[in-house]
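A.B. asks: The structure under discussion is supplied below as structure tokens; questions concerning it will follow.
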Amino acid sequence: MPLTELEGAVREVFSRQVAAPRAVAGDPASAVIRRANRIQRRRSLTGLSLAAAAIVLVSAGGMHLRDGPPGGSVVIGEPDESPAVTRTMPPPGPDTESPVAEVDLVLGRTIATAQGRRVPLLGAGVVERAHRLTDGRGWLAVGAPTMAGRFLWAVAPDGAAQVLLAGADEIVLDREGRQVAWKQGTELAAAGIVNGELVATVRAEAPAEAVLLRFVNNAVLVRLAPDRPGHVLWRRNPGPLDRGGDRASVRVFDALPDGRLVGEVARGAGQPACLTLLDPTRDLVPAQPECGPELDGDGRGSVSPDGRWLLVNGRSGGQHSALLVDLERLEPSAEVRRAGPAMTGTVAWSAPDTAYYAAAGDLLRFSVDRAGASRPAARVALPSVAAGEPPVVVSGA
């Protein structure tokens, strides 16, 4: 009914209820009409606010790096301008179940914590890697490759995800989740992560074929080309990437607590690479004269928190497997033990002698004792997850 007809009907009702004309303090019909107008205005303003919010979200999604080069496709998410609220991990509640593992896991659209909590992932895509923050304020999650590139999300303790970065070819995080580096095309960039925002971004120019690998303290390890030896540590200096002097290292797996890197070097033309320690302060030259065993793996490897053990993919008896190497006896004749099926994702150590990793859709629990007894890593039973969504082992705290 049009507002003018409504007004006439209300006035007619009130006029019939009045037996005789008398002075009144106010017109009741006018009061009702004014109230209806106020309600209608509120509803209109609510609709406009929702529309404005949608426009802001679309605009934020299309915003490129303010200080980036024209035509770039890496996007940094807008910071939340609401008052800062520190959200920490809530105590166990009704969503707590029996823990699946001693480390956090991403199981499809849910994070299963080591404490037994089940946290639904809200607003994030398919997660390939995840890192639990040391301050208990949630996780950082790196998305799987898509047509739009990779995403980096900051995930709150309640599972709500906020985009920090989008459109990168590759993204790596440091051990504490306080630094991020990414590569897109020939641009290499790194930034700090503070209160859910990227700060102090630094950029360099790198060869298009260069591969971003990992953080080494405050530097970023880059492989110059995937098909030939040579790595360089980018110490976050702007401008062209310094190619360095290393042309011998074939793979770099991880770092020891003292900063030395565990990797493989080529001993000569036609000879297989061998395991050794590399000095990051001297252009990654071998830190010891002798070379360790030959692994012939795919580059996946992780060092135990105490620096004693290396869990690494390689060949044993003609089979591609996860292998265990004692780094305290790194010599050509060092014993290499088969630890289990080959790793296909991140390794997370729950203790100096225990680690979890994913292999071909399964979750495996490895221990030094089992490997020493020639027993492979044990398969861990998982809650039902969608096909094609293997478990993701979460690194970090």
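A.B. asks: Students sometimes get this wrong: rank R109, R178, R150, R308 by accessible area, probe 1.4 Å, all chains present, largest first.
C.D. replies: Numbers: R109 95, R178 125, R150 20, R308 60 Å².
Accessible-area ranking of R109, R178, R150, R308, largest first: R178, R109, R308, R150.
A.B. asks: Residue separation times 0.36 nm, minus the C-alpha to C-alpha distance between R308 and V380: what's the value? Please report the intermediate quantities before stating the final value.
C.D. replies: On the way: separation 72, 0.36 × 72 = 25.92 nm, distance 2.47 nm.
23.5 nm is the gain from fully extending R308 to V380.
A.B. asks: Note the full-extension length gain between D158 and D227 as 0.36 nm times their separation in residues minus their Cα-Cα distance, in nm to one decimal.
C.D. replies: Numbers: separation 69, 0.36 × 69 = 24.84 nm, distance 4.27 nm.
Full extension of this stretch gives 20.6 nm more.
A.B. asks: Then there's this: So what's the Cα pair-distance distribution over region 160-277, bin width 10 Å, in %?
C.D. replies: P(r) for region 160-277, in whole percents per bin: 13, 43, 31, 11, 2, 0.
A.B. asks: Give me the Debye-computed log₁₀ of I(q)/I(0) at q = 0.11, 0.13, 0.16, 0.22 Å⁻¹ for region 327-397, equal point scatterers on Cα only, no solvent, two decimals.
C.D. replies: Calculated log10 I(q)/I(0) at the listed q: -0.31, -0.42, -0.61, -1.01.
A.B. asks: So, with a 1.4 angstrom probe, what is the percent of accessible area on region 319-371 that is carbon and sulfur? Let's see the in-between values first.
C.D. replies: Values: 900 of 2130 Å².
Carbon and sulfur atoms account for 42 percent of the accessible area of region 319-371.
A.B. asks: Right, something else. Semi-axes of the equivalent ellipsoid of region 91-175: what are they in whole Å, largest first, if each equals the square root of 5 times a C-alpha gyration tensor eigenvalue? Each step should come with its number before you reach the end.
C.D. replies: Details: eigenvalues 109, 30, 25 Å².
Listed largest to smallest, the semi-axes of region 91-175 are 23, 12, 11 Å.
A.B. asks: Compute the length gained on full extension between T281 and E102: take 0.36 nm times their separation in residues and subtract their Cα-Cα distance, giving the result in nm to one decimal. Walk me through the intermediate numbers first.
C.D. replies: On the way: separation 179, 0.36 × 179 = 64.44 nm, distance 3.52 nm.
Between T281 and E102, full extension yields an extra 60.9 nm.
A.B. asks: Also, I was wondering about something else. Quote the Stokes-Einstein diffusion coefficient, in whole µm² s⁻¹, for region 220-297, based on the Kirkwood radius over alpha carbon pairs, a temperature of 10 °C and a viscosity of 1.306 mPa s. Display every interim value, and only then the final one.
C.D. replies: Numbers: Rh = 12.8 Å.
So the translational diffusion coefficient is about 124 µm²/s.
A.B. asks: On to the next question. What FRET efficiency do you get for E389 and S333 if R0 is 45 Å and r is their Cβ-Cβ distance, rounded to the nearest 0.05? Write down the numbers at each step before the final one.
C.D. replies: On the way: r = 42 Å, r/R0 = 0.94.
It comes out at approximately 0.60.
A.B. asks: Which percent of the accessible heavy-atom area of region 133-248 goes to carbon and sulfur, probe 1.4 angstrom? Kindly include the intermediate steps, with their values, before the conclusion.
C.D. replies: Details: 2470 of 4790 Å².
Carbon-and-sulfur percentage of accessible area, whole number: 51.
A.B. asks: Now, a different point. With a 1.4 Å probe and all protein chains left in place, how much accessible area per residue does region 127-207 have, in Å²? Please list the in-between numbers first.
C.D. replies: Numbers: 2910 Å² over 81 residues.
Ligands and nucleic acids excluded, the figure is 36 Å² per residue.
A.B. asks: Please state the Cα pair-distance histogram of region 216-368 with 5 angstrom bins from zero: what percent is in each bin?
C.D. replies: 2, 9, 19, 22, 20, 15, 9, 4, 1, 0
A.B. asks: Using the alpha carbons of region 260-342, what is the convex hull volume per residue in cubic angstrom, as a whole number?
C.D. replies: On the way: hull volume 8.3 nm³, N = 83.
With only Cα atoms used, region 260-342 gives 100 Å³ per residue.
A.B. asks: How large is the accessible surface of T281 in square angstrom, using a 1.4 angstrom probe and rounding to the nearest 10?
C.D. replies: 110
A.B. asks: Using C-alpha positions alone, give me the convex hull volume of region 141-214 per residue in cubic angstrom. Don't skip to the answer; put the middle values down first.
C.D. replies: Values: hull volume 6.4 nm³, N = 74.
Enclosed volume per residue, from the Cα hull, is 87 Å³.
The values are calculated or read from the model by the stated rules, or taken from the named source; none is laboratory data. Source: prediction; values computed, not measured. Cβ sites come from the backbone with ideal geometry, for glycine too, and all protein chains shown count toward neighbours. Just so you know, the surface numbers come from the protein's heavy atoms only, side chains and all, with ligands and any DNA or RNA stripped out. Shrake-Rupley method; radii C 1.70, N 1.55, O 1.52, S 1.80 Å.
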